[in-house]
Structure formats: C-alpha cells, structure tokens
1. Could you check region 182-220 and list, in sequence order, the residues that are touching a residue at least 40 places away in the same chain (Cβ under 8 Å), surrounded by fewer than 17 Cβ atoms within 10 Å (Cβ to Cβ) and more than 20 Å from residue 80 (Cβ to Cβ)?
2. Tell me yes or no: at least one residue of region 98-112 is over 19 Å from the mean Cα position of the chain (by Cα) and surrounded by fewer than 16 Cβ atoms within 10 Å (Cβ to Cβ).
3. Mind checking which residues of region 5-22 are buried (at least 20 other Cβ atoms within 10 Å of the Cβ) and either in a strand (DSSP E or B) or within 13 Å of the chain's Cα centre (by Cα) (or both)?
4. Can residue 66 be described as touching a strand residue (DSSP E or B) at 6+ places or on another chain (Cβ under 9 Å), in a loop (DSSP other than H, G, I, E, B) and free of Cβ contacts under 8 Å to residues at least 40 places away in the same chain?
5. Looking for whichever is closer than 21 Å to residue 234 by Cβ, assigned to a helix (DSSP H, G or I) and either in contact with a helix residue (DSSP H, G or I) (Cβ under 8 Å, 6 or more places away or on another chain) or modelled with pLDDT of 95 or more (or both) here; the options are 36, 55. Which one fits?
6. List every residue pair whose Cβ atoms sit under 6 Å apart, with the two residues 6 or more apart in sequence or on different chains, where the first one lies in region 5-19 and is without any contact (Cβ under 8 Å) to a residue 12 or more places away in the chain and on the phi < 0 side of the Ramachandran plot and the second, anywhere, is surrounded by fewer than 20 Cβ atoms within 10 Å (Cβ to Cβ) and outside any strand (DSSP E or B).
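The values are calculated or read from the model by the stated rules, or taken from the named source; none is laboratory data. Just so it is clear, the structure is predicted and the values come from calculations on it, not from any experiment. Heads up, the Cβs are rebuilt from the backbone with ideal geometry, glycines too, and the neighbour counts pull from every protein chain shown.
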C-alpha cells in the first residue's frame, strides 16, 4: 500500500487556524489534498489531525481522517517524523501493510501533482535508504551571510569568504517544505530527513514559499495569483 499523510494540527500560533484559513478562495489544506489525489499515486490520502473542524474540511475535500492524532503529538514541540510514524503504525494495524509513504505538508499551495510523480519516480529509481524530499536553492551564497551581534553590529558567519567571488562558492539548498517520500520502514525507524541516505528533488525558487508569518501569507497569495495567471499552476 502507498499512502499520503498530511499532518495538520489545530494549534497554530503565529497564524491561527492556518491549515484551514482561506487561501485564494480555498482552505489552505485543500491544495495539498488536491495535489495528492490528482497525482494518482496513493491508495489513501490521510490527514493526521487532533482537530475536528480540520478533519471535517479535509473530508469535504476528499481526504480520509480515520483516526484522531494523540494529544502528545499535537503540541508545539511535536516534530514531523514521530507524527508520521504514529500514522503509519495506525494504518498498518487497521488497514493493512504499508510500503511507501509520502508526508505532504498542509501548507503547500504551490505543490503540483507532477512534482509528486517525478519525485516518486526518483525515489523508486535510486532506491535511497532515506527520503526524497522537495528542496530549492538559496538565492544568495550562504557563505557571504552575516548576523547582528548583541550591539546590533554586523558579523559574518564565514569571514574567510569576504572576498571570495560568488561563482567560486559552493551552492547551498534548503528544504522546500512540501513533501517527503520514504519507505514506511524509514518512518517507523524515525530516520531524519536530512542525511546522506536522502536525496533532494529540486524545485525552482518561484514555486516555493514558507508560510509561517502574516507577511509570508501575503507574499504567498501574491505569488500564487501571479503563477496562476502565468499558467504555472492550475
């Protein structure tokens, strides 16, 4: 069995009710459900939540909510892999054996079914021991980045690269926060995403936006409108 699991707890602090807040006319979680279903890859698209309103909206958009997420995995300190691990354990106990799992974040309105299919093909082709997850490149060399010290003054993280040309610096990449393909066993073993057993499926930067603050939300809606107008997303 191949399943998608969308974690969506009810207690978002920075953007209240973020997972079901209206984004471009639809609950935010609806976009992740839609991409999963349109990919044609999954026997079940399951939302893991502790919140009945989120569960009802998820079901209305075609997902399943066969269990309620335990309270100890729905607080501010719960991390993704244990949440998916609990879901896999529940499914295997009540619905049958699971071979492959794709964790899809509920806050990924730019996610496309084609990306899920291409990343899955990479996962099957390379047979990685960890995960294949969405990523994108940093727009500027991280080696030239700096911080502000306690006095508000500038300090470089890597001062040795002050005069290094940008084209001579190694490229760096970041998690795109959309999806994570893995075997059921990888999740059951609590394997971390960022390891030498994993691979990155690279997305263009204009198809990626974290949504953690109100500013992020505004930027994401503007980007979504532009992408839809340009035909880059459905």
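1. Result: 202, 204, 205, 214.
2. So far as region 98-112 goes, yes, one or more of its residues are over 19 Å from the mean Cα position of the chain (by Cα) and surrounded by fewer than 16 Cβ atoms within 10 Å (Cβ to Cβ).
3. Those that are buried (at least 20 other Cβ atoms within 10 Å of the Cβ) and either in a strand (DSSP E or B) or within 13 Å of the chain's Cα centre (by Cα) (or both): 5, 6, 7, 8, 19.
4. Yes: the conditions hold for residue 66.
5. 36
6. The qualifying pairs do not exist here.
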